[in-house]
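Reading through the structure tokens given below for one structure.
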Amino acid sequence: MVLVPGSQDTVQHETPIVVVGAGPVGMLTAYELARLDVPCLLAEQNQETTKWPKMDLTNCRSMEILRMMGIADEMRQQKGAVDGKYRCDSLFYTSCGPKGKVLTSWRLPSIDEWRATIADTNNGTHPAEPAQRCSQVALEAWMKQKCLAQPLIDGHFGWKYLSHVEDHDGVLSTFIDVNGQEHCVRSRYLVGADGGGSLVRATAGIPMIRSSLPVALYLVHFRSKDLAQRRPFGRFWHLFPPFGGFIVDQDEDEIFTAHMQLDSIDMDVTKIDPYEWVYKCFGGAGEPYRFVIDEIIVSSAWRPNFAIADRYLSKGGRVILAGDACHRNPPHGGYGMNSGLEDALAVSWRLAALFKGYAGPHLLASYEEEQRPIMISRLERCNRHVMEHIPRYQWYAENGPELLMAETEEGEKFRKQIADFLDESGSECTDRGIELDSRYKSAVIFQDLDDTPEPPWNVKQYTPTTYPGARAPHVFLKDGKTSILDKFGKEWTLISFLSAPEGRIANDFEEAAATMNMPLTIVNLEDEGHAHRIWGQNYVLVRADGHVAWKGSELPDRDVAEKILKVITGQEMFEGYIPVPRRVINIPGMETYLDKSHGDGDVKHMAAFQI
């Protein structure tokens, strides 16, 4: 770095990639870039990691991603990560008081139980890793330590992003640190992972399509040894009161968070007593349920909303959005941060390929092509989860707490009505199709030339397939411990289930990759018949994100192998690829129309989201 003379010196920096925002998405982007031997600068305006209890569940796909990065086990060992023996039960109750009852429960297995199921059912339908309950408070603190320990990450906590200017060759970003010193950073690319109010997105001129729920909630994040010992209905992950809102046991110890709906969106929250708010939430339809609260850690109002960026890339293609900067949704289903972690992986391996010089112009464009439609589907699924529960809130409002608590035939009938409704609805956290079966469509996926039909898709279950664009299935190899995912290289992997002459496989692929300076790991699994049957192909090319780029029953010759590699690295578009048209987002209040220039359309805002 050098000082530029003037009345106010500005420190100049140069780096290949700048990542703005050091939440989980920004830090994981920077960490994966470093793991792929790419230097970057990570800038975050806050000096400390979050104290706010945002994300609570790192889902099974996110844990697979951390496993591929080699850090899943370490994450599970962090203070605040829930022990594998505890179940993930969600309980619906009338009141936590003496006359209170559990209406019904959504019972989900513990990590240990889920691991046993994965081991016993080794048929490709399960993830390699169970989900992990862990507050974002703990996750961010751990990731910060890992990022600051990486020599290829130039980390700056306390740097506030001000603006950027994009040109043909890169981006010039401006920051100011806590001492008032201004910094200008020249980079080839800028990643905006700076949250829902992203200034990077605003500076890039990318609009958000939004729809807010006409409600607001007030959360109280607190510590209570007394509650941890008393637990009126035993251990739980979530408690759901009858009038809406929810309570989260953050660590199976003594940290909890209570969320309850405000009387109105514009309610003066400064007049709320957080202690009484918690007692009322636990009291449900009965009297406030009181216990000793040792500490109120944080409290605030928040409003759930749906939002997605009109584009994930700037018009110049040098600024990339990830995480909440390009999509937001209520917590139902846990699609927010987990989708952001997928963004982080999708961005980092593409930027690594560009940095190393073997990627073509179509590779980065495919990030938006692949990720944005998947996120729209998740927003719509989240909306379903939100709207699913409106009837029971209405029933409660119409009948009142008296009937819900009544020890009468009518009261019992009312409680059963709600319980049956919830049992039929089912847990929001079992959408394995949403979590595991993302099937990417883009110009860098080399589609089957034999017109093999795509397997049916189901929101509730994962269908193991190596159809191009799909996530490659997890299966344990013969030793019963090694997942096929553990064999993947850092970037590109060719899995071969057939033996080849002279002990070599994929000679033409190897030569073509070497000519392109493309890192390609060759994995020979000729003795793994079980995995071969599940994968259903002799040869499969897998990307750094674990998704299938190409598959074939035979190895192609040199020219075709080179053609395949040029397509999947974005040097050429897949011949005959037809972009999937942008569709209307099926959420009331969200709709887009675009002109003929892809990605540069207008955004139409409709009426507010209605319940």
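Here are a few things to note about the model shown:
- In the range 134-168, the qualifying residues are those that are modelled with pLDDT under 95 and outside any helix (DSSP H, G or I), and the one that is surrounded by the most Cβ atoms within 10 Å (Cβ to Cβ) is SER135.
- Pairs with Cβ under 9 Å, 6+ apart, first in the range 505-530 and free of Cβ contacts under 8 Å to residues at least 12 places away in the same chain, second in a strand (DSSP E or B) and surrounded by 18 or more Cβ atoms within 10 Å (Cβ to Cβ): ALA514/LEU520
- For SER211, the stated conditions hold: it is over 20 Å from ALA30 (Cα atoms), under 25 Å from the mean Cα position of the chain (by Cα), buried (at least 20 other Cβ atoms within 10 Å of the Cβ) and of a type in the set (S, T, N, Q).
- With respect to the conditions (1) under 28 Å from ASN458 (Cα atoms); (2) over 24 Å from the mean Cα position of the chain (by Cα); (3) in a loop (DSSP other than H, G, I, E, B); (4) hydrophobic (A, V, I, L, M, F, W, C), CYS429 lacks only one, and its number is (2).
- Single residue of VAL278, VAL292, VAL298 found to be out of contact with any strand residue (DSSP E or B) (no Cβ under 6 Å at 6 or more places or on another chain) and either β-branched (Val, Ile, Thr) or over 30 Å from GLY426 (Cα atoms) (or both): VAL292
- Meets criteria (in contact with a helix residue (DSSP H, G or I) (Cβ under 9 Å, 6 or more places away or on another chain) and outside the structural domain of THR117 (by TED's automatic domain parsing)) for VAL560: yes
- Flag for SER299 being surrounded by 23 or more Cβ atoms within 10 Å (Cβ to Cβ), touching a helix residue (DSSP H, G or I) at 6+ places or on another chain (Cβ under 6 Å), in contact (Cβ under 8 Å) with a residue 60 or more places away in the chain and outside any loop (DSSP other than H, G, I, E, B): no
- A Cβ distance below 6 Å, combined with a sequence gap of six or more or placement on separate chains, defines the contacts here; from the range 165-188, residues that are in the same structural domain as GLY317 (by TED's automatic domain parsing) reach residues that are at pLDDT below 95 in the pairs GLU182/THR10; CYS184/THR10.
- Search result, residues across the range 260-273 that are surrounded by fewer than 20 Cβ atoms within 10 Å (Cβ to Cβ) and under 32 Å from the mean Cα position of the chain (by Cα): GLN261, LEU262, ASP263, SER264, ILE265, ASP266, MET267, VAL269
- Residue check for LYS99: basic (Lys, Arg) and surrounded by 18 or more Cβ atoms within 10 Å (Cβ to Cβ): no
- Test: ILE418 is at pLDDT 95 or above and touching a helix residue (DSSP H, G or I) at 6+ places or on another chain (Cβ under 6 Å): yes
- Residues satisfying the stated conditions in the range 176-191, i.e. within 28 Å of the chain's Cα centre (by Cα), outside any loop (DSSP other than H, G, I, E, B) and either hydroxyl-bearing (Ser, Thr, Tyr) or over 16 Å from GLY21 (Cα atoms) (or both): SER187, TYR189
- Residues (buried (at least 17 other Cβ atoms within 10 Å of the Cβ) and either part of a helix (DSSP H, G or I) or in contact with a His (Cβ under 7 Å, 6 or more places away or on another chain) (or both)) located in the range 102-123: ILE111, TRP114, ILE118
- Scan of the range 205-227 for residues that are under 13 Å from ILE296 (Cα atoms), in contact with a strand residue (DSSP E or B) (Cβ under 9 Å, 6 or more places away or on another chain) and outside any strand (DSSP E or B), ordered by number: SER224
- Apart from one condition, ILE434 fits all of (1) in contact (Cβ under 8 Å) with a residue 12 or more places away in the chain; (2) in a loop (DSSP other than H, G, I, E, B); the exception is (2).
- Scanning the range 508-518 turns up at least one residue that is more than 24 Å from SER339 (Cα to Cα), touching a helix residue (DSSP H, G or I) at 6+ places or on another chain (Cβ under 9 Å), in the same structural domain as SER553 (by TED's automatic domain parsing) and part of a loop (DSSP other than H, G, I, E, B).
- Residue within the range 38-51 that is touching a helix residue (DSSP H, G or I) at 6+ places or on another chain (Cβ under 9 Å), more than 23 Å from ILE17 (Cα to Cα) and surrounded by 16 or more Cβ atoms within 10 Å (Cβ to Cβ) present: yes
- Of all residues in the range 12-35, none that is not assigned by TED's automatic domain parsing to the domain that holds GLU140 has its Cβ atom under 7 Å from the Cβ atom of a residue that is charged (D, E, K, R) and modelled with pLDDT of 95 or more, 6 or more apart or on another chain.
- Flag for ASP448 being in contact (Cβ under 8 Å) with a residue 60 or more places away in the chain, surrounded by fewer than 22 Cβ atoms within 10 Å (Cβ to Cβ), assigned to a loop (DSSP other than H, G, I, E, B) and among the charged types (D, E, K, R): yes
The values are calculated or read from the model by the stated rules, or taken from the named source; none is laboratory data. As the structure is a computational prediction, the values presented were derived from the model and not from experiment. Note: ideal-geometry Cβ built from the backbone for every residue, glycine included; neighbour counts use all protein chains shown.
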